[in-house]
Amino acid sequence: MGADLIVGIQWGDEGKGKVVDLLAQNYDIVCRYQGGHNAGHTIVVDGKKVALHLIPSGILNPNAINIIGNGVVVSPKALIEEMKQFDQLNLLISDKAHLIFSYHEEIDKAREKLRGKNAIGTTGRGIGPAYSDKVSRQGHRIGELKDIEKLAQKILDYFRANKSYFDAIGVKSPSKIQLLQELQEYSKTLLPFVTDTTSYLWDALKKGKRVLLEGAQGTMLDIDHGTYPFVTSSNTISAGACSGLGLSPKDIGNVIGIAKAYCTRVGNGPFPTEELGEDGDRLREQGKEFGTTTGRARRCGWFDAVIARYASRLNGCDEMAIMKLDVLDGFEKIKVATSYLYNGQEVDYPPSDLENVTPVYEEFKGWEKVKGARKWEELPKEAQDYIKALEDLTLTKISLISTSPDREDTIFRGGKR
Ligand code: IMP
């Protein structure tokens, strides 16, 4: 049995949290494989709000083990804060996961400022600088917390080697005493959870344990296949789960793509179906489209079947979940981009310079209300037609439809599970 995978197929914030939360109850192990505390969702459990940024959503299932894989960049400060919300923590952290320090956040913010009007609109969490350090082989891994004297010295050497750059962007080197104090706390709190998670996973899969892989962000924010440079710094697509956990492609089971019934994006960069007028405002209001991590208002627009089809192929989606269908309640007309006009021709794929396309829309008749529907039969015909059209356009079976934030307000249409 392979590890099942949940992946966002738009620009993130598709509602993966609800699906993972729904499914996590059926799995023994839930893993994060990329990204860091730039991700985030809030789940309400027994009336108590729990904010998750780094810890996988399986934490809400007392029987599941949660893994933070080697592909994740971990801010020890943010992780420790998040851990405080739980009395019991079934958590394992890869010794190979890279660390985000406060100076990465400072570098992130300084770089954004320097970019001026070309800013990416990052979350300011230090994600890009931490991954840059990893790739340029000057990053630090969690396993290094075992020898904090050595780690502190390496960090100070790194500051010395890059002094002119740090001076130019106004980032100060920490003092050794301050650094040691910080590392001492990180090491004491986190090391008990640090292990070789790859061997752990191999062993678990061999024993037939059920494993769920939880993607963060979305396909169009993938460092290779997204709207570069307006992307995050990791491989958000399903393939990222292999490198980010030490799994082989053969270890991956069912892949579930998550999309909203419309589209949103935070940060800058191309967004062909963006609605800047009344419809966009209405989607934002009805969908409460404000970021969980940064509180920023999300840009809103229509469902883009071109990118969804592309993302489904890239990720190898076996099925798709359509979230927040109820947000479209009351719209008279609903639009879907079915192809693009690009260099005077109609194309059915997203070119790498996505800012140069014009969407070609098909219009659908709206419906009054789907909010709270729990069965396919409860959906008005117009909503059923909309879902069937999305299936045809994305060449992917839609097996789950969400009609409100509540767990129960979900329609299952018999996917592979
Ligand atoms: P970074 O990941 O903070 O470097 O930000 C790069 C881009 O990815 C920005 O446009 C962010 O708004 C976007 N981004 C990062 N994390 C998320 C997320 O969890 N949801 C949606 N967008 C995200």
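Laboratory data are not the source of any read-out in this text; all were calculated from the coordinates shown. The structure displayed is predicted, hence computed values, not measured ones. Glycine gets a Cβ as well: all are built from the backbone with ideal geometry, and neighbour counts include every protein chain shown.
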Against the 2.2 N^0.38 Å scaling, with N counting residues, where does the stretch 98-192 land? I'd like the Cα-based Rg ratio to two decimal places.
1.11
In deg cm²/dmol, rounded to 500, what helix-only [θ] at 222 nm does the chain give when every DSSP H run of at least 4 residues adds -39500 (n - 2.57) and the total is split over its residues?
-9000 deg cm²/dmol
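With both partners inside the stretch 1-95, how many of the DSSP beta bridges are antiparallel, as a percent to the nearest 5?
40 percent
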Low-density loop cleavage sites - trypsin sites (Lys or Arg not before Pro) in the stretch 168-244, where at most 10 other Cβ are within 10 Å (DSSP)
172, 207
Take the chain, mark every one of the GluC sites (Glu not before Pro) that falls in a DSSP loop and has at most 12 other Cβ within 10 Å, then report the longest stretch left between them, sites excluded.
1-331
Apply the a/c threshold of 1.5 to the C-alpha gyration tensor of the stretch 371-416 and tell me whether it is rounded, prolate or oblate.
oblate
Projecting the Cα atoms of 132, 6, 17 onto the charge dipole of the chain, where Lys and Arg contribute +1 and Asp and Glu -1 at Cβ, the residue farthest towards the positive end is 132
Can you tell me the relative contact order of the stretch 98-192? Whole percent, Cα pairs under 8 Å, sequence separation 6 or more.
29 percent
Hey, what did the chain get for relative contact order, percent, Cα under 8 Å, at least 6 apart?
19 percent
The chain: antiparallel bridges as % of DSSP beta bridges, rounded to 5, reads 45 percent
Which of these, 397, 163, 77, has the largest mean-square fluctuation under a Gaussian network model of the chain (Cα springs below 10 Å)?
163
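Rounded to the nearest 20 debye, what is the charge dipole size of the chain about its Cα centre when +1 sits on each Lys and Arg Cβ and -1 on each Asp and Glu Cβ?
Its charge dipole is roughly 1060 debye.
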At most 10 other Cβ within 10 Å, DSSP loop - trypsin sites (Lys or Arg not before Pro), the stretch 286-372:
288
Say the dipole of the chain comes from +1 at the beta carbon of Lys and Arg and -1 at that of Asp and Glu; which of 94, 123, 384 then lies farthest toward its positive end?
94
Here the stretch 16-31 yields Karplus 3J(HN,Hα) values (6.51, -1.76, 1.60; θ = phi - 60°; whole Hz; Gly and Pro given as x) of 4, x, 5, 5, 4, 4, 5, 7, 4, 4, 8, 10, 8, 9, 10, 10
Under the classification rounded if a/c is under 1.5, otherwise prolate if a/b is larger than b/c and oblate if not, where does the stretch 128-243 fall, given a ≥ b ≥ c as square roots of the Cα gyration tensor eigenvalues?
oblate
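Please pull out the direction-averaged projected area of the chain, using the convex hull of its alpha-carbon atoms, in nm² to one decimal place.
Numbers: hull surface 80.7 nm².
Its Cα hull, projected and averaged over all orientations, spans 20.2 nm².
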Based on DSSP, what percent of beta bridges with both residues in the stretch 39-146 are antiparallel, to the nearest 5?
55 percent
